[in-house]
Structures are given as C-alpha cells and as structure tokens.
Amino acid sequence: MTRHAAMQSHAGKAPPAGGEPGMAGTMAKVFAFLIVVLGVYLWIGYAITKMTGGVRTGGGVVDISPESGEAIYWGKGRCFTCHSVGGRGSAVRGPNHGQFGEKFPLPMGARAELRAAERSKKTGEKWTAVDYIVESLADPGAYVVEGYKNEMAVVYAPPISLSLKEIKAVVAYLMAQGGELDIAAIDSDPSPITKRFYDKIAAAQAAGGGDPTNGATVYEDNCSECHSLDEKPGKVGPSLSGIASKGIKYISDAILRPAKTIRKGYETWVVVDKTGRKTVGLKTAETAEAVTITKASGETVTVPRADIKTMEVDATQSVMPDDLSEGLTVKDYQDVLSFLMTMKGT
Ligand code: HEC
Ligand code: HEC
C-alpha cells in the first residue's frame, strides 16, 4: 500500500535537473552502510564461534574428503549446533545424521537414497543421494524433513559462509555415513542437478554472500509486480530471467540508479495532451490513432494522437523507482542481488 503511494508520487515528480547532488550522497551512504554491516557479520561469526567453544578450521586448503568435512561439520560449519551424528553431539533441532534409535533407522548417506527417490518422483528428474544432500545445503527450504521446521541455516551466507569446497567436503562426510562415497560425483564430475546447486552457491557467493532463498522473497515482495522471471516481459518492467549475465555491478546500478541503465525499449515517455494533462510511463502500444502509456502503477492510459500536444522521451528518469533500495535492509538488498545472480536464463 505505502509503496504504491511512494511509486505514484515518484511518477508525479518533476524530472530532476542536471547533476543530482543528493544521489551521490545516498550512494555513498548505502556503500558505507554495506561495509559496516559486513564488518558486523564477520564479528558476529567470530563471537558466536568463541561463545559456543567451536573450533575454527583455519582458512587453509580444504581437501574434499570425509575427514575435512568432519572438521567443518563440528567446527566452522556449525552443523553441530542443530544436528547430531548417532550418539555424538546432543543437538536435536535438526534430524540426526547418524543411525539413531527408531526415529533414524538409516544414517544420512543411506537415508539420502530414499529422499532422492522421493525427489525424483516429485520433480520428474533422476536424483542421486548426493543431489539430495547438496540440495539440503543449497536450498534448504525445498524439502523440509517431516516433523521439523524450515529452519536449516543457509550455510554459504554470513555468518557461517562456507566456501563451495568446504560444502563439498561436508557432503563427502555425510555420504560417508552409510552411503556410497563417490568423490567424483561430489567434486570433479557432478550430475546436472548437483551442478545447478553448485552454480547457485557460487553465484550467491560472487554476489557478496547474500542468501538467494530470502532474496526470492524480497523479489516477490518488491519487484514481481513489475518484472517477470520467464520469457515474457513483466507487467511494467522487462523479464529478468537472464539478468545474471550482465553482472553484479550492472544489476546493483540498475536498482540504485535506474536512470543510468535504462533498458532499450523501456524508455520513459512523457505525453502532454492539449488540456495540459501529463502522462508518464512506458509506451506499450501505438496505432495511427492513439498511443498507450503504462504508468509505474501498472495503470494504462490511451491518448488519442489528435489530443497530444507534446510527446518525448525523458532520459533522466526511469519508470522504475529510484528509491526502492531505501525500503530494503542492507541484508535484503544483498539477498536480492544474490537471487538475481542465479537468473541465468532458460
Ligand atoms: C540452525 C540449525 C541448523 C544448522 C546450523 C544446520 N542445520 Fe541442517 N537442518 C536443520 C533442520 C531444522 C533440518 C530439517 C528441516 C529441513 O529439512 O530443512 C535440517 C536438515 C538437514 C539435512 C536433511 C536431513 C534429512 O534427514 O534429510 C541435511 C543433509 C542437513 N540439514 C545438513 C546440514 C549441514 C551439513 C549443516 C552444517 C554445514 C547443517 N545442516 C546446519 C537445521 C540446521
Ligand atoms: C514500478 C515498476 C518496477 C518495480 C517495482 C521494479 N522495477 Fe526494475 N525495472 C522497471 C522498468 C520499467 C525497467 C526498465 C527501465 C530501466 O532499465 O530502468 C526496470 C529495469 C530493471 C533492471 C535492469 C534490466 C536490464 O536488463 O537492463 C533491473 C536489474 C531491475 N529493474 C531490477 C529490479 C529489482 C531488483 C526490483 C525490486 C527490488 C525492481 N527492479 C523493481 C520497473 C520496475
């Protein structure tokens, strides 16, 4: 509701004259804020590690083996704060990863085979046990184990921030719990499904370690009423299905300063009719008789050509509001960037 109002007031604003001194200040503030928040994240990660007595696996080389994975599981990865493995550990917030009592007749490696069969049935693709475990880490909300809440941590986002290599090592550790350990399937020769999840993790990390799962929600709430993620354009803006190819810097600019990167075919038209009424928006249709403008609100206005006094493109403003980032927390902003970096087209 409030955003709608903001959007309309934006649409009604006179085009800014010249250099926009206020914008540079806002940008500087946003970036300074980003740096501070990153610092806080690092500090929180450090503080939590100290508080819970966990061990940090040094920043050194990680080899992709169950042994490395074990060190990460019981250390930097914080898995032990929610999971146990058989009789080792005491956390019960997440499923036990070992064989344990009646509730967990199969250890994780073997259990993953059964879950993979379920995933194959649901998606129509052929899933392996490794695919399932990798999915648990890459997109924890996609399959929520019965009897548990969707509260598995996003372990490649701050403050845990595991690297892709560390994640692979943890997968090896879990597969070694009663499963068929095949390092090639985890590392050098991943299945298409696993590869997709690895790409998602890598993209999220390239985008500053945001959480694309939350980013999808941020997108839904703030962007989806104008944009689309499939081939067809959105209601007011272009499709963002392949936007990742333009790179993180471009996307970030497109959100912070939409007018700087106006996409071809999405120019801002200003139509003034003979009564002086001004309509600002995208030109979405035109015939010999009339021109149709779609405003930022989604409302369309058709003006007969005979009534038009002037009609021109205003390159200093975009139909996309330039104050969207002000309504987002820094985390949401990073998360939506990560999410868009996973949009690689179809
Ligand atoms: C904040 C608590 C939390 C942390 C930290 C956490 N998990 Fe989880 N995990 C859960 C919960 C809750 C579930 C069950 C819900 C679901 O399936 O998403 C789960 C589910 C899983 C599953 C699927 C289990 C099954 O029986 O199918 C795997 C695999 C997994 N986690 C691995 C890990 C690994 C590896 C780490 C550390 C790198 C980790 N988790 C860190 C809470 C956590
Ligand atoms: C009121 C409608 C509207 C909303 C809301 C909106 N956009 Fe846009 N967006 C547009 C329009 C129109 C364009 C094309 C003009 C331009 O490039 O500035 C655009 C362009 C873009 C582009 C550049 C596309 C390209 O290929 O150059 C990106 C990236 C983008 N938007 C991301 C977002 C994100 C992320 C959000 C939510 C946080 C969002 N937009 C919200 C209307 C909107």
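Values as computed for the structure displayed
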| item | result |
| --- | --- |
| Selected residue [within 11 Å of ligand 2 (Cβ to nearest atom) and out of contact with any strand residue (DSSP E or B) (no Cβ under 8 Å at 6 or more places or on another chain)] from GLY234, GLY242 | GLY242 |
| Number of the exception - ILE183 against (1) β-branched (Val, Ile, Thr); (2) surrounded by fewer than 19 Cβ atoms within 10 Å (Cβ to Cβ); (3) under 12 Å from the mean Cα position of the chain (by Cα) | (3) |
| Test: ALA254 is among the small types (Gly, Ala, Ser) and closer than 16 Å to ALA315 by Cα | yes |
| Top-ranked residue of the stretch 264-273 - restricted to ones that are charged (D, E, K, R) and either surrounded by 12 or more Cβ atoms within 10 Å (Cβ to Cβ) or not in a loop (DSSP other than H, G, I, E, B) (or both), ranked as farthest from ligand 2 (Cβ to nearest atom) | ASP273 |
| Pair list, Cβ under 9 Å, 6 or more apart: the stretch 156-174 residue within 20 Å of PRO212 (Cα to Cα), other residue basic (Lys, Arg) | PRO158/LYS331; PRO159/ARG78; ILE160/LYS76; ILE160/ARG78; SER161/LYS76; LEU162/LYS76; GLU166/LYS76 |
| Residue under evaluation SER136, criteria (1) more than 9 Å from ligand 1 (Cβ to nearest atom); (2) assigned by TED's automatic domain parsing to the domain that holds ALA71, criterion not met | (1) |
| Residue match in the stretch 193-204 (condition: within 16 Å of ligand 2 (Cβ to nearest atom) and closer than 28 Å to TYR250 by Cβ) | yes |
| Residue identified as away from ligand 1 (no atom under 16 Å from the Cβ) and modelled with pLDDT under 95 among ASP253, ASP221, ASP307, ASP314 | ASP253 |
| Among (1) more than 16 Å from ligand 1 (Cβ to nearest atom); (2) over 13 Å from MET320 (Cα atoms); (3) buried (at least 20 other Cβ atoms within 10 Å of the Cβ), the one test that PHE197 misses | (1) |
| Test set (1) touching a Phe, Trp or Tyr at 6+ places or on another chain (Cβ under 8 Å); (2) in a helix (DSSP H, G or I); (3) surrounded by fewer than 21 Cβ atoms within 10 Å (Cβ to Cβ) - PRO159 fails condition number | (2) |
| When residues of the stretch 232-245 are limited to those that are within 19 Å of the chain's Cα centre (by Cα) and surrounded by fewer than 15 Cβ atoms within 10 Å (Cβ to Cβ), the one nearest to GLN205 (Cα to Cα) | SER245 |
| Subset tally (residues that are touching a Pro at 6+ places or on another chain (Cβ under 8 Å) and touching a residue at least 24 places away in the same chain (Cβ under 8 Å)) for the stretch 146-155 | 4 |
| Residue in the stretch 129-142 that is in contact (Cβ under 8 Å) with a residue 60 or more places away in the chain, farther than 18 Å from SER65 by Cα, in a helix (DSSP H, G or I) and hydrophobic (A, V, I, L, M, F, W, C) present | yes |
| Residue match in the stretch 326-336 (condition: of a type in the set (Ser, Thr, Tyr), within 30 Å of ARG196 (Cα to Cα), in contact (Cβ under 8 Å) with a residue 24 or more places away in the chain and in contact with a Ser or Thr (Cβ under 8 Å, 6 or more places away or on another chain)) | yes |
| Residue under evaluation GLU125, criteria (1) more than 11 Å from ligand 1 (Cβ to nearest atom); (2) out of contact with any Asp or Glu (no Cβ under 9 Å at 6 or more places or on another chain), criterion not met | (2) |
| Residue match in the stretch 166-174 (condition: in a loop (DSSP other than H, G, I, E, B) and assigned by TED's automatic domain parsing to the domain that holds ASP131) | no |
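The values are calculated or read from the model by the stated rules, or taken from the named source; none is laboratory data. Source: prediction; values computed, not measured. In this analysis, Cβ positions are derived from the backbone assuming ideal geometry, glycine residues included, and neighbour counts consider all displayed protein chains.
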